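Structure record follows, encoded as structure tokens.
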Amino acid sequence: MSAATKKKTTTTKASADDEKMAKALVDAYDKLKAQVHKVIVGQDDVLEQLLIAMLARGHCLLEGVPGLAKTLMVRSLSQAINLSFRRIQFTPDLMPADITGTDIIQEDKTTGHRVLVFEKGPIFSQIVLADEINRTPPKTQAALLEAMQEHDVTVGGKTYHLEEPFFVLATQNPIEQEGTYHLPEAQRDRFLFQVIVDYPSRDEERQIVEQTTSTFESELEPVIDGKTIIECQETVRRVPVPEHVYDFILDLVRMARPKEESAPKWVKDLIEWGPGPRACQQLVLGSKVRALLRGRYHVTVDDVEALAHPVLRHRIVPTFNAEAEGISVESLIDRLLKDAPKKQEAVM
């Protein structure tokens, strides 16, 4: 094997501090799940994807029908991580200032002078639940998405920095579309994951009914704090990614673009718009976190395949023909995963 090949296939060894942080993260994740499961039954995949998004410094868009405990899950997660939490109920009359805050006039009682004082809005929290984000007009959605991207709020010519770590977890109802404002594709792309919250199994639903219709109560205890989350985010960035995993991610994402010359014919027939470079970035970061949560300090193709659906489902726009034939985005992603070439790491 050539030196160049060895360089590509050799993974970087973790430092002692990184190994210690990785082990602490796995332990904290197990404790976190135990705490959240005191009030939330099942939904392990959803919980894992929420935590992966947080550790990758991303935001999540949760989609599910009413009554699946989306709000309760996010609130429980904030309590177990010991971060400040605010819930914003989005309505058609919600204004940008209702989210970001506004300048108000206050009078100094000693001097009699009036001054403008900034009154912070609910966006100044570490975990913000944007409930039913598709029920508010585009200008209010844009105010939230600007804060998500920049981690800053500008009001009256002054910029205010949001406290780190900062996460936005937005929900939307897929069955009620009357009186809603569909999130544009460019704004949905700001979310790392689109997480589908599905119905529980029969046994899980039985447990939910028994707990919520009795005197059962449970208090959550914080198992990790914001400082540790930030340290974990820095550790995630140092996790190495083998060359063959980079190649798989690039092949997968670029294959989904119908204007690519190498795209299969079925992609050009069934996909109107494909994911941009941000999808590659999110797949890499999410896969790094998933590897750490499983006690590994290197990324595998399995990590990428496991996160392909939440990363790509809101970044692929099917054609009219695909919708007319009842072909879902989920099935398109399955086909992309099947057709994408997989290269195994060379054995030294």
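The values are calculated or read from the model by the stated rules, or taken from the named source; none is laboratory data. Note that the structure is predicted; figures quoted are calculated from it, not measured. Quick reminder, even Gly has a Cβ in these numbers, built from the backbone with ideal geometry, and neighbours come from all protein chains shown.
With 240, 277 as the choices, which residue is surrounded by fewer than 17 Cβ atoms within 10 Å (Cβ to Cβ) and under 26 Å from residue 25 (Cβ atoms)?
Numbers: 277 fails: under 26 Å from residue 25 (Cβ atoms).
The conditions single out 240.
Does any residue in region 210-221 that is outside the structural domain of residue 37 (by TED's automatic domain parsing) and acidic (Asp, Glu) come within less than 9 Å, Cβ to Cβ, of a residue that is assigned to a loop (DSSP other than H, G, I, E, B) and surrounded by 10 or more Cβ atoms within 10 Å (Cβ to Cβ) six or more places away or on a different chain, and which pairs are these?
Once the first residue is outside the structural domain of residue 37 (by TED's automatic domain parsing) and acidic (Asp, Glu) and sits in region 210-221, no partner that is assigned to a loop (DSSP other than H, G, I, E, B) and surrounded by 10 or more Cβ atoms within 10 Å (Cβ to Cβ) comes close enough.
Output the number of the condition that residue 93 fails; it satisfies all remaining conditions of (1) touching a residue at least 12 places away in the same chain (Cβ under 8 Å); (2) surrounded by fewer than 18 Cβ atoms within 10 Å (Cβ to Cβ); (3) of a type in the set (D, E, K, R); (4) closer than 22 Å to residue 187 by Cβ.
All conditions pass for residue 93, except number (1).
Restricting attention to region 266-291, which residues are out of contact with any helix residue (DSSP H, G or I) (no Cβ under 8 Å at 6 or more places or on another chain), assigned to a helix (DSSP H, G or I) and either closer than 14 Å to residue 316 by Cβ or at pLDDT below 90 (or both)?
268, 278
Per-residue answers, yes or no, for (1) under 19 Å from the mean Cα position of the chain (by Cα); (2) under 25 Å from residue 311 (Cα atoms); (3) in the same structural domain as residue 51 (by TED's automatic domain parsing); (4) β-branched (Val, Ile, Thr):
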| residue | (1), (2), (3), (4) |
| --- | --- |
| 128 | yes, yes, yes, yes |
| 135 | no, yes, yes, no |
| 142 | yes, yes, yes, no |
| 148 | yes, yes, yes, no |
| 151 | yes, yes, yes, no |
| 168 | yes, yes, yes, yes |
| 192 | yes, yes, yes, no |
| 195 | yes, yes, yes, yes |
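Answer yes or no: is there a residue in region 111-122 that is within 21 Å of the chain's Cα centre (by Cα) and surrounded by 22 or more Cβ atoms within 10 Å (Cβ to Cβ). Let's see the steps before the verdict.
Quick first cut of region 111-122, residues within 21 Å of the chain's Cα centre (by Cα) only: 122.
If we keep only those that are surrounded by 22 or more Cβ atoms within 10 Å (Cβ to Cβ) as well, we get none.
Checked region 111-122: no residue is within 21 Å of the chain's Cα centre (by Cα) and surrounded by 22 or more Cβ atoms within 10 Å (Cβ to Cβ).
Considering only residues of region 302-335 that are in a helix (DSSP H, G or I) and touching an Asp or Glu at 6+ places or on another chain (Cβ under 7 Å), which is modelled with the highest pLDDT?
309
Only one of these is free of Cβ contacts under 8 Å to residues at least 12 places away in the same chain and among the acidic types (Asp, Glu): 334, 269, 303, 251. Name it.
Working: 269 fails: free of Cβ contacts under 8 Å to residues at least 12 places away in the same chain; 303 fails: free of Cβ contacts under 8 Å to residues at least 12 places away in the same chain; 251 fails: free of Cβ contacts under 8 Å to residues at least 12 places away in the same chain.
Exactly one of 334, 269, 303, 251 is free of Cβ contacts under 8 Å to residues at least 12 places away in the same chain and among the acidic types (Asp, Glu), namely 334.
Considering every residue within region 317-331, establish whether at least one is surrounded by 21 or more Cβ atoms within 10 Å (Cβ to Cβ) and either among the hydrophobic types (A, V, I, L, M, F, W, C) or not assigned by TED's automatic domain parsing to the domain that holds residue 20 (or both). Let's see the steps before the verdict.
Keep residues of region 317-331 that are surrounded by 21 or more Cβ atoms within 10 Å (Cβ to Cβ), which gives none.
For region 317-331, residues surrounded by 21 or more Cβ atoms within 10 Å (Cβ to Cβ) and either among the hydrophobic types (A, V, I, L, M, F, W, C) or not assigned by TED's automatic domain parsing to the domain that holds residue 20 (or both): absent.
What single numbered condition from (1) part of a helix (DSSP H, G or I); (2) surrounded by fewer than 15 Cβ atoms within 10 Å (Cβ to Cβ) fails to hold for residue 141?
(2)
Of 77, 116, which residue is within 28 Å of residue 287 (Cα to Cα), hydrophobic (A, V, I, L, M, F, W, C), touching a residue at least 12 places away in the same chain (Cβ under 8 Å) and not assigned by TED's automatic domain parsing to the domain that holds residue 309? Give the steps one after another, and end with the answer.
Numbers: 116 fails: within 28 Å of residue 287 (Cα to Cα).
When all the criteria are applied, what remains is 77.
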